[in-house]
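Right, one structure below, let's go through it.
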Amino acid sequence: MNKPLIAPSVLACDFANLQSEIEMLNESEADWIHIDIMDGVFVPNLSFGIPVVQAIKRHAKKPMDVHLMIQNPENYVEAFKEAGAKSISVHYEACNHLHRNLQQIKSLGCKAGVAINPHVNVQVLKDIITDIDVVCLMSVNPGFGGQKFIPNTYRKIEQLKEIITDSGTSTLIEVDGGVTKSNAKRLLKAGADVLVAGSFVFSSSSPKDTISSLKHVV
Ligand code: DX5
Ligand code: ZN
């Protein structure tokens, strides 16, 4: 089993000390910085917008992985790229023209991601999988940090892995929501490549050690 990529979600960090939180991530074994953007329409919550992403970028030494939980993401992807995003994920459920949205993201030079909600069958991605760099499998209903992991995710990872292997692509599987040290190993065994973790990392007494424990869970 490969070592996972670890993407701490700053949604759970201390926003009053954003700079030191990002510096901690720079020094940690985190691979990506996961950034959750919520519009209060696609999900029943608001998070933060472009000025905060720009502020993170001023300190971040790791790639910023922007997860757009918003309607009409095509109107904003360019602004997020400008703000420093290295990968941008749009939601399958928010895109009527997913192929076009992915091409737009790629044309900006970013990794193109598709996030998919817990109730949606991964088979819907079969005809577009070769265009996706990262599938962000939601293992909670998007909108909030600190929710309970949905166990059906294991099965979805396995099914998605099969689609990826059959099509001969190198699409990464990212799992987002309720990830902890107790489910990380099983997630990796099922085929996950990237683990997003928010509250598990930031509410621990040593976020840096917690990131390291996820990185070396296998
Ligand atoms: C949920 C977000 C997640 C969230 C994860 O809508 O997409 O990235 O920050 O937080 P935890 O790890 O606390 O479930
Ligand atoms: Zn997320």
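Below is a table of values for the structure above.
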{"quantity": "Set Val179, Val175, Val217: member being farther than 25 Å from Lys111 by Cα and surrounded by 15 or more Cβ atoms within 10 Å (Cβ to Cβ)", "calculated": "Val217"}
{"quantity": "Filtered residue count, region 184-209, keeping only those that are within 11 Å of ligand 1 (Cβ to nearest atom) and free of Cβ contacts under 8 Å to residues at least 40 places away in the same chain", "calculated": "1"}
{"quantity": "Region 130-157: number of residues that are away from ligand 1 (no atom under 12 Å from the Cβ) and over 14 Å from Asn183 (Cα atoms)", "calculated": "7"}
{"quantity": "Answer from Ala7, Ala16, Ala60 - the residue that is within 13 Å of ligand 1 (Cβ to nearest atom) and among the small types (Gly, Ala, Ser)", "calculated": "Ala7"}
{"quantity": "Unmet criterion (only one of (1) away from ligand 1 (no atom under 14 Å from the Cβ); (2) in a loop (DSSP other than H, G, I, E, B); (3) closer than 29 Å to Arg100 by Cα; (4) more than 16 Å from the chain's Cα centre (by Cα)) for Phe42", "calculated": "(1)"}
{"quantity": "Sole exception among (1) more than 11 Å from ligand 1 (Cβ to nearest atom); (2) surrounded by fewer than 21 Cβ atoms within 10 Å (Cβ to Cβ) for Leu160, by number", "calculated": "(2)"}
{"quantity": "Condition broken by Gln54, with the remaining ones in (1) within 16 Å of ligand 2 (Cβ to nearest atom); (2) out of contact with any Lys or Arg (no Cβ under 8 Å at 6 or more places or on another chain); (3) assigned to a helix (DSSP H, G or I) satisfied", "calculated": "(1)"}
{"quantity": "Boolean, Pro118 is within 30 Å of Ala16 (Cβ to Cβ) and either modelled with pLDDT of 95 or more or within 14 Å of ligand 2 (Cβ to nearest atom) (or both)", "calculated": "no"}
{"quantity": "Long-range neighbours under 8 Å by Cβ, at least six apart or interchain, first residue farther than 11 Å from Ile37 by Cβ and in a strand (DSSP E or B) within region 63-78, second modelled with pLDDT under 95 and among the β-branched types (Val, Ile, Thr)", "calculated": "none"}
{"quantity": "Selection status of Ile173, in contact (Cβ under 8 Å) with a residue 12 or more places away in the chain, within 16 Å of ligand 1 (Cβ to nearest atom), assigned to a loop (DSSP other than H, G, I, E, B) and out of contact with any Cys (no Cβ under 8 Å at 6 or more places or on another chain)", "calculated": "no"}
{"quantity": "Region 189-210, residues that are assigned to a loop (DSSP other than H, G, I, E, B) and either touching a Cys at 6+ places or on another chain (Cβ under 8 Å) or within 15 Å of Ser28 (Cβ to Cβ) (or both)", "calculated": "Gly198, Ser204, Ser205, Ser206"}
{"quantity": "Qualifying residue in region 203-213 (condition: open to solvent by 30 Å² or more (accessible area, probe 1.4 Å), away from ligand 2 (no atom under 16 Å from the Cβ) and under 23 Å from Ile128 (Cα atoms))", "calculated": "no"}
{"quantity": "Test: Asn141 is within 16 Å of the chain's Cα centre (by Cα) and either crowded, with 23+ Cβ neighbours inside 10 Å or at pLDDT 95 or above (or both)", "calculated": "yes"}
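Results for (1) touching a Cys at 6+ places or on another chain (Cβ under 8 Å); (2) of a type in the set (Asp, Glu); (3) more than 21 Å from Val179 (Cα to Cα); (4) surrounded by fewer than 19 Cβ atoms within 10 Å (Cβ to Cβ), shown as yes or no for each residue.
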site: Asn17; (1), (2), (3), (4): no, no, yes, yes
site: Ser28; (1), (2), (3), (4): no, no, no, no
site: Ala83; (1), (2), (3), (4): no, no, yes, no
site: Ser107; (1), (2), (3), (4): no, no, yes, yes
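The values are calculated or read from the model by the stated rules, or taken from the named source; none is laboratory data. All figures in this text were calculated on a predicted structure; none of them were measured in a lab. Don't worry about glycine lacking a Cβ; one is built from the backbone with ideal geometry, like all the others, and counts go over all protein chains shown. The accessibility values were calculated without ligands, DNA or RNA, using every heavy atom of the protein model including side chains. Shrake-Rupley method; radii C 1.70, N 1.55, O 1.52, S 1.80 Å.
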